[in-house]
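Shown next, in structure tokens, is the structure this report addresses.
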Amino acid sequence: MVDKDIRLKLTSSGITTQSGRKVLLRGVGIGGCLNMENFITGYPGTESAHRSAIRNVVGEEKYNILFLSLINNFFNEGDASFLKSHKLNLVRILPGIGTQNGPLKGGFA
């Protein structure tokens, strides 16, 4: 069942839809490889330092191919179907993921 009003709110009894139906959020966080911070990768350094090191090793062209490929192919309809088949109803996507030319068109709403 999908509520027409999908916005959630926090009440004293928990998380509910706007119409008051209780919701239990079950999900995953994706995008770790798209956010190369040291606490995710296990390597010391900042994301800009990681990207700089990769660019220095593989060159500008392969660097661009790598990161655009990750952004464009990291999560697809098959992944969403898999999560749905396991009754997950929440996917946390890192805010601000984009390309060197700015945020991805259309956002992640």
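The values are calculated or read from the model by the stated rules, or taken from the named source; none is laboratory data. Please read all numbers here as calculations on a predicted model, not as lab measurements. Cβ atoms come from the backbone with ideal geometry, glycine included; neighbour counts cover every protein chain shown.
Listing for the model above:
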| quantity | calculated |
| --- | --- |
| Qualifying residue in the stretch 43-51 (condition: surrounded by fewer than 11 Cβ atoms within 10 Å (Cβ to Cβ) and at pLDDT below 80) | no |
| Criterion (of a type outside the set (Ser, Thr, Tyr), under 19 Å from Leu90 (Cβ atoms) and either in contact with a His (Cβ under 9 Å, 6 or more places away or on another chain) or surrounded by 14 or more Cβ atoms within 10 Å (Cβ to Cβ) (or both)) met by exactly one of Arg26, Arg21 | Arg26 |
